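*Asks:* A single structure is presented below for examination.
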Amino acid sequence: MDIPQRVSVRYKDASYNSNEIRLRTFRLGLQIWDEQTKPRKTELYEFILSCLKQVDRQDRFMFSLLFIELTDLIRNSSLERGTKEVLIKTAFREFAYAITDFEDVAKK
């Protein structure tokens, strides 16, 4: 399944299309170990939450695909195994927090 090409969002006064969302997600995911001391509200969290607010309901599946791609990218990297595990867990936690917080606000 491919990420819908029609998706476009704004974040911090910049516009992102599908490929730019993918690249920014990867970049933020790979720098996330620098932010591990924060329990949430990392830049990855803020970016995903902002995107969710702007993307149509039918296109939200793209964030699951982004996480799968990000996980594969980390898994195939030359990082040591322990670092890969921490990075994947931390990235997943940030995705999960953003999606959960978005859904909680939508229910209210």
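*Asks:* In the P(r) worked out for the stretch 41-97, what percent of Cα pairs fall beyond 15 Å?
*Replies:* Working: 829 of 1596 pairs.
Distances greater than 15 Å cover 52 percent of the Cα pairs.
*Asks:* Going by average Cβ density within 10 Å per residue, which order do the peptides 80-91, 46-57 take, highest to lowest?
*Replies:* Details: 80-91: 14.5, 46-57: 17.2.
Averaged packing, sorted descending, gives the order 46-57, 80-91.
*Asks:* For residue 76 and residue 103, calculate 0.36 nm times their separation in residues minus their Cα-Cα distance, and state this gained length in nm to one decimal.
*Replies:* Values: separation 27, 0.36 × 27 = 9.72 nm, distance 3.14 nm.
This chain segment gains 6.6 nm when fully extended.
*Asks:* Please list, ordered by chain and number, the residues whose modelled amide H lies under 5 Å from the amide H of residue 11; skip anything fewer than 5 residues away on the same chain.
*Replies:* Residues meeting the criterion, in which the H sits 1.01 Å from N, are 16.
*Asks:* A further question on this structure: Provide 66, 73 ordered by accessible surface of protein heavy atoms (probe 1.4 Å), highest first. Display every interim value, and only then the final one.
*Replies:* Working: 66 0, 73 75 Å².
The ranking, largest first, comes out as 73, 66.
*Asks:* Could you derive backbone 3J(HN,Hα) for the stretch 16-29 from the dihedral phi with the Karplus parameters 6.51, -1.76 and 1.60 (θ = phi - 60°), listing whole Hz in sequence and x where the residue is Gly or Pro?
*Replies:* 3J(HN,Hα) across the stretch 16-29, in whole Hz: 10, 8, 4, 5, 5, 4, 4, 5, 5, 4, 4, 4, 5, x.
*Asks:* Can you give me the % of accessible surface on the stretch 55-108 that is carbon or sulfur? Probe 1.4 Å, all protein chains present, nothing else counted.
*Replies:* 54
The values are calculated or read from the model by the stated rules, or taken from the named source; none is laboratory data. From a predicted model like this one, the values you see are computed outputs, not experimental measurements. Methodologically, a virtual Cβ is constructed for each residue, glycine included, from the backbone with ideal geometry; neighbour enumeration extends over all protein chains shown. Just so you know, the surface numbers come from the protein's heavy atoms only, side chains and all, with ligands and any DNA or RNA stripped out. Shrake-Rupley method; radii C 1.70, N 1.55, O 1.52, S 1.80 Å.
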